[in-house]
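So the structure is just underneath, and the comments pick up after that.
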Amino acid sequence: MKKHTTILLSAILFGSSLGFGITGLAEDKTTDATVDYTPGEIIFDPNTGDAAASLPTNLNFGSHEIQSKLDETWTATVDGAQASALTTGSVAISDNRGEDGGGWTVKVLQADQFASGTNELTGAALSIYGGAVTNNVGNAPTGASIANSTLELELGTTADVLTAGANEGAGETALALSKFELFVPKNTNKKQADYQTTLNWTFSATP
């Protein structure tokens, strides 16, 4: 009996060395991760109060002595003095609707001539200098624009300023406004007065 037991133990050890023992188990599991975005807003001129990043609230071309020998070109500055810092600004749109197909447009209109009561600066022309367009998500608009060009306003005519076509203009878009100039012909009959006009900026968005 003792001899038999020894032989059985040897067989068990021999079988283990041949790989007949219990093998390991492998199993895969997964973890799902989600994040949900809901539609945001589209806002025109979202940075109101920041002079460098919003539309200027006024254009001051200064105070000048009446003369009729030379054409005049005046630049809008922070205080009207021609040696002071230029009035600048930005046409800005924040489009976080998160929808395909949407676009938008910005236009500007000078409906009336510079005037004081019944007196007008006949022939006066206001020009807007556009700078670069920036967009923070690589979705800059490619439609009609005054980017890196000059827009001379025509009285009573609405002009395109910046246009985003379908699937363009998402995120934060800005068009720099680098300068505003006023041309007054020498033969304009000027009176002692404070002449004023208004620019109307119109923003519209497609669904």
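Things worth noting here:
- Couplings 3J(HN,Hα) for the range 71-82, derived from phi with the Karplus relation 6.51 cos²θ - 1.76 cosθ + 1.60 (θ = phi - 60°), are 5, 10, 10, 10, 10, 6, 10, 4, 10, x, 5, 5 Hz, where x marks Gly and Pro.
- Remark on the range 72-165: hydrodynamic radius 15.8 angstrom, per the Kirkwood mean of 1/r across alpha carbon pairs.
- Rounded to whole numbers, the Karplus 3J(HN,Hα) couplings from phi for the range 200-206 are 10, 9, 10, 10, 9, 10, 8 Hz, using 6.51 cos²θ - 1.76 cosθ + 1.60 with θ = phi - 60°, and x at Gly and Pro.
- Cα-centred dipole magnitude for the chain, charges only on beta-carbon of K, R (+1) and D, E (-1), debye, nearest 20: 880
- Spatial separation of Cα centroids for the range 138-207 and the range 77-113, in angstrom: 7
- For the chain, the longest principal axis of the alpha carbon atoms and the long axis of helix 2-17 meet at an angle near 20°.
- Size-normalised alpha-carbon gyration radius of the range 42-205, reference 2.2 N^0.38 Å: 1.13
- Helix-only CD estimate at 222 nm, as mean residue ellipticity for the chain, using -39500 (n - 2.57) per DSSP H run (n ≥ 4): -2500 deg cm²/dmol
- Percentage of interatomic Cα-Cα distances in the range 154-200 larger than 18 Å: 58
- Longest DSSP-loop-exposure-free segment, GluC sites (Glu not before Pro), the chain, at most 10 other Cβ within 10 Å: 66-207
- With a cut-off of 11 Å between beta carbons, the residues surrounding G169 carry a summed charge of -2, where Lys and Arg count +1 and Asp and Glu -1.
- Longest DSSP-loop-exposure-free segment, chymotrypsin sites (Phe, Trp or Tyr not before Pro), the chain, at most 15 other Cβ within 10 Å: 38-207
- Rough spin-label spacing in nm, given labels placed 7 Å along Cα→Cβ, for T134 and D71: 3.5
- The C-alpha radius of gyration of the range 117-207, expressed as a fraction of 2.2 N^0.38 Å, stands at 1.37.
A short reminder: the numbers here are calculations on the coordinates, not readings from a lab. Just so you know, these numbers come straight off a predicted model, no measurement behind them. Note that each Cβ is placed from the backbone with ideal geometry, even for glycine, and that neighbours are counted across all protein chains shown.
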